[in-house]
Amino acid sequence: MGAILPTIALYIPLPPPQTTLGEIRQSIAGYTHLDLGAFKLIHSGAVMKGDSFPITAHGIRAGSTIQIVGSASPIPGRRSSSISSSSGRESKVKARPTEQTTIKVIHDEMSQVRQKLLPSLQALHAALMDGAVLDKEVLKQEHTRLGEMLLQSLLRLDALSPESEWVDARKERKTAVKEVQGLLDQLDAAWKAR
């Protein structure tokens, strides 16, 4: 029996009809931090294929539900190596992290935050500060999504345990945690000031 995974609902405004499935897939990858090949999109019981086709070709319209089904792909930045046991079966053994691989994981995490979350944070902040007339529910959902994504980033950084003698890795992790926490604080301050 497989593990039961949590269900998360994402509410995305309907894009223009000429938007391609590939653009939707890119948006979902940005929201979820999943690699493009790590999930399938299902609408009305069918796996949607053909990323170059517009969403109208897949029957997507206002109120449509798209299911995101993940695959068992490895988490980026986490490496494992296969070894054969005496019984001939392959087993997965995590490669022991080094200071350099730990620093790379930290840099990769921060690159994801800066490339995928920072533009959305800046756009939400601008929308809140401009006092533009926008759908309050959409703003609330975006605030919640960004807050959750930043918290997930903090948890991934917290899961790293640099050895006490890895001064550079510990410094990089501390700096990264402060940066993400600062973004989360800015998000909350902008939300309260609206």
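The values are calculated or read from the model by the stated rules, or taken from the named source; none is laboratory data. Remember, predicted model here, so these are calculated numbers, not experimental data. Virtual Cβ from ideal backbone geometry, glycine too; neighbours counted across all protein chains shown. To get the accessible areas, we keep the full protein, side chains included, count just its heavy atoms, and leave off ligands, DNA and RNA. Shrake-Rupley method; radii C 1.70, N 1.55, O 1.52, S 1.80 Å.
Which residue out of Ile106, Ile42 is in contact with a Lys or Arg (Cβ under 6 Å, 6 or more places away or on another chain), modelled with pLDDT of 75 or more and surrounded by 11 or more Cβ atoms within 10 Å (Cβ to Cβ)?
Among Ile106, Ile42, only Ile106 is in contact with a Lys or Arg (Cβ under 6 Å, 6 or more places away or on another chain), modelled with pLDDT of 75 or more and surrounded by 11 or more Cβ atoms within 10 Å (Cβ to Cβ).
State which residue pairs qualify: first residue of a type in the set (Lys, Arg) and inside the stretch 169-194, second residue outside any helix (DSSP H, G or I) and open to solvent by 80 Å² or more (accessible area, probe 1.4 Å) in any location, beta carbons under 8 Å apart, and separation of 6 or more residues or different chains.
Short answer, once both residue conditions are applied: Arg170/Ser164.
Is there a residue being small (Gly, Ala, Ser), open to solvent by less than 60 Å² (accessible area, probe 1.4 Å) and more than 21 Å from Thr32 (Cα to Cα) anywhere in the stretch 132-145?
yes
I'm checking my understanding of the structure. Among residues of the stretch 45-58 that are at pLDDT 80 or above and assigned to a loop (DSSP other than H, G, I, E, B), which one is least open to solvent (accessible area, probe 1.4 Å)?
Met48
Kindly provide the set of residues from the stretch 11-34 that are assigned to a loop (DSSP other than H, G, I, E, B) and either in contact with a strand residue (DSSP E or B) (Cβ under 8 Å, 6 or more places away or on another chain) or at pLDDT 80 or above (or both), ordered by number.
Across the stretch 11-34, the qualifying residues are Pro16, Pro17, Gln18, Thr19, Leu34.
Can you name the residue in the stretch 137-175 that is of a type in the set (Ser, Thr, Tyr) and part of a helix (DSSP H, G or I) and, of all such residues, is nearest to the chain's Cα centre (by Cα)?
By that ranking, first place goes to Ser153.
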